[in-house]
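To start, the structure under review is shown below, and the notes come after it.
The values are calculated or read from the model by the stated rules, or taken from the named source; none is laboratory data. In this text the structure is predicted, and so the values were computed from the model without any measurement. Using ideal geometry, Cβ is built from the backbone for each residue, glycine included, and neighbour counts are taken over all protein chains shown. Protein only, heavy atoms only, side chains kept; ligands, DNA and RNA dropped before computing areas. Shrake-Rupley method; radii C 1.70, N 1.55, O 1.52, S 1.80 Å.
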Amino acid sequence: MKFEEYQKLSIRTNKWLSSIQFDVAHMLLGMNGEINELNDALESVDKVNQAEELADIAWYVSNYASIRNLHLDESKALLVRGDYNGLVYQISTLTDIAKKWIIYNKEIDTTEEQKICQNILSILYHFDIEINFSKALQNNIDKLKKRYPEKYSDENAQNRDLAAERKELEK
């Protein structure tokens, strides 16, 4: 799956909040939460879970980009191996930029913001584990279709069928 297609499909399951600032904060909190889940997955030998966590981070960065009207392109992904520390650094840098915008009303340098989001995407595509990231993106969309057949709902978020979701991830 190409990232452009993934970005269009992932926004379907976004929970829209009351303002763009809350929506951005939601995406950043999600990225930071997923980075912890990725760390746990990396300590395991469960490649399916590792791929899922990378794709979950992609979901948040994809929706962040959509909210901020940024276009991310996997063809611009740096051809370097990504690692956990690099991912943490890029996400924390993006979080700090957005925090200054949300809390202090400081304008965001959209060129820098675009570059950081693209860096995150690059790290995800070239993460230092053996997975097919494009397949992980497709599996992530399929998992979300199981969870949210129409669109996001709080009820479906709270009543997940983890066995059915895992089956989608194992394809």
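Quick one: among L87, L137, L17, which has the greatest mean-square fluctuation in a GNM of the chain with alpha-carbon springs under 10 angstrom?
Between L87, L137, L17, it is L17 that shows the largest mean-square fluctuation.
Using a Gaussian network model of the chain with C-alpha springs under 10 Å, which one of Y84, Y148, Y104 is most mobile by mean-square fluctuation?
Highest fluctuation among the options: Y104.
Residue by residue through region 114-120, what is 3J(HN,Hα) from phi via Karplus (6.51 cos²θ - 1.76 cosθ + 1.60, θ = phi - 60°)? Round to whole Hz and write x for glycine and proline.
Here the 3J(HN,Hα) series is 4, 4, 5, 4, 5, 4, 4 Hz.
Evaluate the distance, in nm, between pseudo-label points positioned 7 Å from the Cα of N132 and of K100 along their respective Cα→Cβ axes.
Those two pseudo-labels are separated by 4.2 nm.
Using a basic spin-label model with each label point 7 Å from the Cα along Cα→Cβ, how many nm lie between E170 and T111?
Calculated label separation equals 5.0 nm.
Out of residues 5 or more away from F127 or on other chains, whose amide H comes under 5 Å of its own, with H placed 1.01 Å from N in the peptide plane?
HN-HN under 5 Å from F127: G82.
Between S92 and K146, what length in nm is gained on full extension when 0.36 nm per residue of separation is reduced by their alpha carbon distance?
Details: separation 54, 0.36 × 54 = 19.44 nm, distance 3.09 nm.
So the extension gain works out to 16.3 nm.
Using helices alone, I'd like the mean residue ellipticity at 222 nm for the chain: each DSSP H run of four-plus residues gives -39500 (n - 2.57), total over residue count, nearest 500. Before the final figure, lay out each step's value.
Details: 8 runs with 118 residues, N = 171.
Result for the chain, helices only: -22500 deg cm²/dmol.
For a test of the definition: using alpha carbon positions, the gyration tensor, and the 1.5 limit on a/c, classify region 39-150 as rounded, prolate or oblate.
Working: a/c = 1.82, a/b = 1.45, b/c = 1.26.
Judged from the Cα gyration tensor, region 39-150 comes out prolate (a/c at least 1.5, a/b above b/c).
Which percent of the accessible area of region 65-171 is formed by carbon and sulfur heavy atoms (probe 1.4 angstrom)? List each step's numbers first, then the result.
On the way: 3030 of 6350 Å².
The nonpolar share, carbon plus sulfur, comes to 48 percent.
Across region 148-164, in residue order, what do the Karplus-derived ³J(HN,Hα) couplings come to in whole Hz, using 6.51 cos²θ - 1.76 cosθ + 1.60 with θ = phi - 60° and x for Gly and Pro?
10, x, 9, 6, 4, 8, 4, 4, 5, 5, 8, 10, 7, 9, 5, 5, 5
Compare H126, H71, H26 in a GNM of the chain, Cα atoms joined below 10 Å, and give the one with the largest fluctuation.
Highest fluctuation of the listed residues: H71.
Taking only pairs that are 8 or more places apart or on different chains, how many Lys pairs in region 35-167 have Cα atoms under 23 angstrom apart?
Lysine pairs satisfying the spacing and distance rule in region 35-167 number 20.
Over the chain, give the accessible area per residue in Å² for a 1.4 Å probe, as an integer. Let's see the in-between values first.
On the way: 9180 Å² over 171 residues.
Ligands and nucleic acids excluded, the result is 54 Å² per residue.
Let a ≥ b ≥ c be the square roots of the eigenvalues of the Cα gyration tensor of region 88-171; is it rounded (a/c under 1.5), or, if not, prolate (a/b larger than b/c) or oblate?
Numbers: a/c = 3.15, a/b = 1.55, b/c = 2.03.
Taking the square roots of the gyration eigenvalues as a ≥ b ≥ c, region 88-171 is oblate.
What is the sum of charges, Lys and Arg at +1 and Asp and Glu at -1, for the other residues whose Cβ falls under 13 Å from the Cβ of P149? Write down the numbers at each step before the final one.
Working: positive: R12, K143, K145, K146, R147, K151, R160; negative: D142, E150, E155, D161, E165, E168.
Cβ neighbours under 13 Å give a net charge of +1.
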